[in-house]
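*Asks:* Please read through the structure below; I'll follow up with questions.
The values are calculated or read from the model by the stated rules, or taken from the named source; none is laboratory data. Model, not experiment: these values are computed from the prediction. All Cβ positions, even for glycine, are placed from backbone atoms using ideal geometry, and neighbour counts span all protein chains on display.
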Amino acid sequence: MGTRRVTGAGAAVLIAAALCGCDSAEKSTTTPGLEARGTVLTTVKPKRQNLSNQISLGGSVTINPVFGIVAPVDGELRYLDKRPSKAAAARPKWVATIWDDNGDPRKVMIPKDSILAGRLMDDRSDVTEGMPIISAKHAGYGIVAEIDSAQAYRVSGAITDVRAQIKNGPGPFACTAVGTIAALPAGTIPEPPPPVPTTPAPGASGAPVPQTPVEQGPAENGGSDGSEATGMRLVCVPPASVKLINGAQVTLQVVTAKASKVLVLPVEAVAGTQGKGKVDIVGADQQRKTVDVVLGLTDGKVVQIKSGLKGDETVAVPGPDLPAAPPGAESGGDGGKGVGG
């Protein structure tokens, strides 16, 4: 049988058919192992666990560290006429009063073993609960840890437990936190009242007897020097049995709050930091839905979900992106995913 040659229009038809067949085959073939665009590959479910807000701070042993005393309630501040003394208070000392909106007085005390260092507000100022109003100095050794803005909100709650370890020295040991962590403005001490002039008895010649001024020591008048301005800091007092050396480096382990059996998510699954946040819930169709949640404690790995989730949802990791700040707006906080400390 002879060989048939296909030429002209017939060859063109065969070539077109072949090309068309290749295209059809490519369109019907999917790449193995590659999910469709937009598919959520990493998810997590909320779980319940005990949680504590715990962070580590670097500090040092300091002599006579300054700390702040805050207003216990909203109201009007009225100072008592107290001035510095060289001697530390043998017991808690009453230095001011806050009169609340109901006209009830609340005493403001500096703790035992401390010295009044300065007034941070004007007398009869309106103050709010938690506002630093007085500075004091602990008499003797204390431990001071400076706090940056990224740590401030994690330490701002009531500090429940502080443990200290001195580098190459004693520890760990309990360290009692005093005052507030808020930065303190420079405080002032009021000037002493001027001496009251008296009329002396006339001398033998009838001339007044000259007055000899009475000198007042710094312990009585205090001058106008008060406390120095500070940054945000944690001050704690170690037990008297611990041997301390001024300037020694210390690591503080700080627990500010604890909670039992709370609902948590990994920090990577949450957008936001303190108070309010957002998470992406993944539906059966693998589509994301962003919902608002209320956040609580965090240990830097997981964060408490106080409300917004039932606990049986499937949540995407990473969490949603927070909207960008408007042009010209100042940035603050994390501004991104997660709540890590």
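Results for (1) in contact with a helix residue (DSSP H, G or I) (Cβ under 7 Å, 6 or more places away or on another chain); (2) in a strand (DSSP E or B); (3) of a type in the set (D, E, K, R), shown as yes or no for each residue.
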position	(1), (2), (3)
G68	no, yes, no
P72	no, no, no
E76	no, yes, yes
S85	yes, no, no
A89	no, no, no
V95	no, yes, no
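*Asks:* To continue, here is another question. Limited to the stretch 277-304, what total is found for residues that are among the hydroxyl-bearing types (S, T, Y) and either touching a His at 6+ places or on another chain (Cβ under 6 Å) or under 17 Å from R48 (Cα atoms) (or both)? Before the answer, list the steps.
*Replies:* Our first condition is that a residue be among the hydroxyl-bearing types (S, T, Y); within the stretch 277-304, this holds for 290, 298.
Still in the running and either touching a His at 6+ places or on another chain (Cβ under 6 Å) or under 17 Å from R48 (Cα atoms) (or both): 298.
Selection size over the stretch 277-304: 1.
*Asks:* Here's something else I'd like to know. For the stretch 240-259, which residues satisfy the criterion of being at pLDDT 95 or above and closer than 17 Å to K112 by Cβ?
*Replies:* none
*Asks:* Could I ask something else about it? Counting just the residues of the stretch 99-119 that are touching a His at 6+ places or on another chain (Cβ under 9 Å) and assigned to a loop (DSSP other than H, G, I, E, B), which one comes out nearest to P72 (Cα to Cα)?
*Replies:* Step one: filter the stretch 99-119 for residues touching a His at 6+ places or on another chain (Cβ under 9 Å), giving 111, 113-115.
Next, from what is left, pick out any that are assigned to a loop (DSSP other than H, G, I, E, B): 111, 113.
Details: P111: 14, D113: 21 Å.
Of everything passing the filter in the stretch 99-119, P111 is nearest to P72 (Cα to Cα).
*Asks:* Evaluate the stretch 265-279: report whether one residue or more is polar (S, T, N, Q), farther than 21 Å from L57 by Cβ and buried (at least 19 other Cβ atoms within 10 Å of the Cβ).
*Replies:* no
*Asks:* Could you please find all residues in the stretch 244-286 being touching a residue at least 12 places away in the same chain (Cβ under 8 Å), outside any strand (DSSP E or B) and of a type in the set (A, V, I, L, M, F, W, C)?
*Replies:* Of everything in the stretch 244-286, those that are touching a residue at least 12 places away in the same chain (Cβ under 8 Å), outside any strand (DSSP E or B) and of a type in the set (A, V, I, L, M, F, W, C) turn out to be L244, I245, A248, V267, A269, V270.
Every residue, every condition in (1) under 30 Å from V267 (Cβ atoms); (2) crowded, with 22+ Cβ neighbours inside 10 Å; (3) within 19 Å of the chain's Cα centre (by Cα), yes or no:
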site: K47; (1), (2), (3): yes, no, no
site: S56; (1), (2), (3): yes, no, yes
site: T62; (1), (2), (3): no, no, no
site: V73; (1), (2), (3): no, no, no
site: K86; (1), (2), (3): no, no, no
site: A96; (1), (2), (3): no, yes, no
site: D113; (1), (2), (3): no, no, no
site: R124; (1), (2), (3): no, no, no
site: H138; (1), (2), (3): no, yes, no
